[in-house]
Amino acid sequence: MTIDSTEPRVTLAELAVEAGVSLSTISKVLNGRSDVAAGTRTRVEQILESNGYRRRGGDNRDATLLEVVFHELESAWSMEIIKGVERVARENGMSVVVTESGSRHAPGPEWISGVLRRRPAGVVLVFSDLAEEHREQLRSRAIPFAIIDPAGDPSPGVPSVGSANWSGGVMATRHLIELGHTRIAAITGPEDMMCSLARLDGFRSALSQAGLPVDESLVRFGDFHVDGGRERALEILDVPVDRRPTAIFAGSDLQALGVFDAARMLGLKVPDDLSVVGYDDVPVARWASPRLTTVHQPLQRMAEEAARLVLRLRDVAAAEAAGDTRIDLATHLVVRDSTAPLSGR
């Protein structure tokens, strides 16, 4: 880490006295270390800036690693993201390091120390946001980053890649309506993720546009996983036949597989007794029996766009111009065998 200054009037030791910290703390802040309290870091950065010091990350163009960070690696969704990042890495003669950390909203505090040591060419994060402190630490080391956004719009100034979740919800629901279904349920993802809410809003909008009421007793929030899909589907389906939906829109393909399982447990056939639409179009959607009708979310392309974005941002001028860079990719419906016209009961 180099220190750039425009004729600072005081030494770093004098600034340490002014800030009420040790010289080593000043050094840690300049080097983007994580072991400094947020309040102390802010105070020291303000004093450094006001006295003509500014951090410069140096040249990171010789780095040969791209890092991708998840909060979980168990799902097929994660593998699609990794494939996209790996493709861009190969094109640029790089390797990929995969890290699991934190919750679905942000990586854990332990992650930042490791990435600062590794100093990759760029970081692709599969989270809803990144703490301001972590952003500044990455910027101080000239490590560009972008978020593949599964949850909504991240904070201003955070480059991100997302997809059209609302449109996906509309397309899935319209497909079921066009098949004659009027009693349609929805099992979406976690209630605190904006993609879950956007897909559900699309579901509600499609029903409203068709003049159909939204029966809130047929709406459930889940966790995007098979077990959660099965449990929520049993709640909806294990009722008298006159209250049972004839179709379910699931917020992920894994949840849709859980719906399949619940239907089998109750002696229902898909699609004869129940039509099911998923979301994502991960490979398992094509292998399921019946093959799953689903909304294709371009996961690999999202990952590719994010990886290419961070490589472009290695250029300082490009990074400064990136600002609120947001790339939204289109979704589309893939019709397979899990949906059929409504039959009489």
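Only residues in segment 89-109 that are at positive phi count as the first member; pair them with residues that are at pLDDT 70 or above and in a loop (DSSP other than H, G, I, E, B), Cβ under 9 angstrom, at least 6 apart or cross-chain, and list the lot.
What qualifies is G93/T64; G102/H71; G102/G108; G102/F127.
Restricting segment 1-60 to residues that are within 35 Å of the chain's Cα centre (by Cα) and among the small types (G, A, S), which is modelled with the highest pLDDT?
Top of the filtered list is A37.
Please state which of the following conditions G168 fails to meet, knowing it meets all the rest: (1) modelled with pLDDT under 95; (2) at negative phi.
(1)
What strands (runs of 3 or more DSSP E), lying completely within segment 89-164, carry at least 1 residues that are over 13 Å from the mean Cα position of the chain (by Cα) and either surrounded by 15 or more Cβ atoms within 10 Å (Cβ to Cβ) or at pLDDT below 80 (or both)?
By residue number, 95-100, 122-125, 145-148.
List the number of the failed condition for Q209; all other conditions in (1) within 26 Å of the chain's Cα centre (by Cα); (2) under 21 Å from A164 (Cα atoms) hold.
Here Q209 meets the rest and fails (1).
The values are calculated or read from the model by the stated rules, or taken from the named source; none is laboratory data. Note that this is a predicted model, so its numbers are computed, not measured. Virtual Cβ from ideal backbone geometry, glycine too; neighbours counted across all protein chains shown.
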